[in-house]
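The values are calculated or read from the model by the stated rules, or taken from the named source; none is laboratory data. Source: prediction; values computed, not measured. Note that each Cβ is placed from the backbone with ideal geometry, even for glycine, and that neighbours are counted across all protein chains shown.
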Amino acid sequence: MKIVSWNIRGLGTNGKVEVINRLVKIQGANVCFLQETKLVNVSEVFVRRIWGDDNFDFRFVAAVGRSGGLITIWDKSSFIMKKEYRSNRFIVLEGIWCVEGWEGF
């Protein structure tokens, strides 16, 4: 299991999206956690640009004012989500790691 986590300090530019996309691809990430996105809306099309293909699921929490914003993206063939808990300060996912065969997250 490979995880990418980044306090991105704003995800409003194409350059940052491209850098994250390259990092996810190079590292072969199964999960990507992005903090401080400063985004109010996040679409599937936008997340596809970050992840690079259609084999993903994601959850996000909108920024409040000029702070916050979270996105968690994962490979659907690696993790099956069973439950989720969200607040303006966290995203918690519970499920099964398909590759590893153990529960968690």
**Item:** From R22, R48, R59, R9, residue being out of contact with any Asp or Glu (no Cβ under 9 Å at 6 or more places or on another chain) and among the basic types (K, R)
**Value:** R22
**Request:** Report, ordered by the first and then the second residue, all pairs with beta carbons closer than 8 Å, sequence separation of six or more or different chains, a first member in the range 20-46 that is within 14 Å of S5 (Cα to Cα), and a second member that is assigned to a loop (DSSP other than H, G, I, E, B) and among the hydroxyl-bearing types (S, T, Y).
**Result:** N30/S78; V31/S78
**Prompt:** Only one of (1) modelled with pLDDT of 95 or more; (2) farther than 16 Å from W6 by Cα is not met by V61, so which one is it?
**Reply:** (2)
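Test S43 against the criterion of being modelled with pLDDT under 95 and small (G, A, S), and give yes or no.
no
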**Prompt:** Hey, L39 hits all of (1) surrounded by fewer than 20 Cβ atoms within 10 Å (Cβ to Cβ); (2) closer than 16 Å to R89 by Cα; (3) among the aliphatic types (A, V, I, L, M) but one; which does it fall short on?
**Reply:** (1)
**Item:** Residue count for the range 11-36, restricted to those that are over 20 Å from L93 (Cα atoms) and in a loop (DSSP other than H, G, I, E, B)
**Value:** 4
**Message:** Between a residue in the range 60-86 that is over 13 Å from A29 (Cβ atoms) and any residue that is assigned to a loop (DSSP other than H, G, I, E, B) and among the charged types (D, E, K, R), which pairs come within a Cβ distance under 6 Å, given they are 6 or more apart or on different chains?
**Reply:** A63/K38; G69/K38
**Fill in**
Among F56, F46, F79, the single one that is of a type outside the set (A, V, I, L, M) and more than 12 Å from the chain's Cα centre (by Cα) is F79
